[in-house]
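Working notes, structure below.
Bear in mind these aren't lab numbers, they're just calculated from the coordinates by the rules spelled out. It should be emphasised that the depicted structure is a prediction, and the values quoted were computed from it without experimental measurement. Glycine gets a Cβ as well: all are built from the backbone with ideal geometry, and neighbour counts include every protein chain shown.
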Amino acid sequence: MKLFPAVLSAALLLAVPAYAQTLGELAKREQERKKAKPPAVKTYTNDDLKQLPAPEAGTPDKPADPAAKGADAKTGDAKPAPEKVDATKPAEPAKDEAYWRGRITSAREDVRRNEAFKEALQTRINALTADFSARDDPYQRAKVADDRQKALAELARVSGDIEKTTKLIADIEDEARRAGVPPGWLR
């Protein structure tokens, strides 16, 4: 028995140096790998595509004559132009990979959380059912029956939430498909 630990430690000591590499060898291999690697190719991202061109230089921002600016007829002073109200709706969030991945992930997390809650409710309902049948006191039985009914109502609500969220996931996947989103963004 005493021989086994000695043989085991000797085998480990002999095996370790066979796989060890020096830092110099690793650096040399890394240099060779970088030399053999082709030069980097420009990768375009969504941020590159969002850059907008500058406005054309030929379009004037303000009218040239004071009458067009709304000059006061008596004094000739220019009135300040009324500010333009932007009637467009607020900007939507960028529908990039993070948007789609976050949206589908949160929906799937809701389903997972609700399914775990549903299992816990089912366990509670089973325990209350067993407790109801074991009670002799009518008051205690009524209390247990009331708790069981509340748990059953909550189970029905959670099941409905799971169905709605599952449909939402299908809708998100369909919307993404119609928008031309790569399937990998929804995984």
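At 0.36 nm per residue, minus the direct Cα-Cα distance, what do residue 145 and residue 187 gain on full extension? Give it in nm, one decimal, please.
Result: 10.8 nm gained on full extension.
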Is any residue of region 145-160 close enough, with backbone N under 16 Å, to a label point placed 7 angstrom from the Cα of residue 119 along the Cα-Cβ axis, and if so, which?
-> 159
Computed FRET value (nearest 0.05) for residue 34 with residue 175, which takes r as the C-beta separation and R₀ as 45 Å | 0.55
Between residue 43 and residue 126, what is the label-to-label distance in nm when each label sits 7 Å out along the Cα-to-Cβ direction?
-> 4.8 nm
Hey, which of these cross-link pairs are over 27 Å Cα-Cα: 95/164; 95/118; 42/95; 118/167?
-> 95/118
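So what is Rg over Rh here for region 97-186, counting just Cα atoms and using Kirkwood for Rh? Walk me through the numbers on the way to the answer.
Details: Rg = 19.5 Å, Rh = 15.4 Å.
Here Rg/Rh amounts to 1.27.
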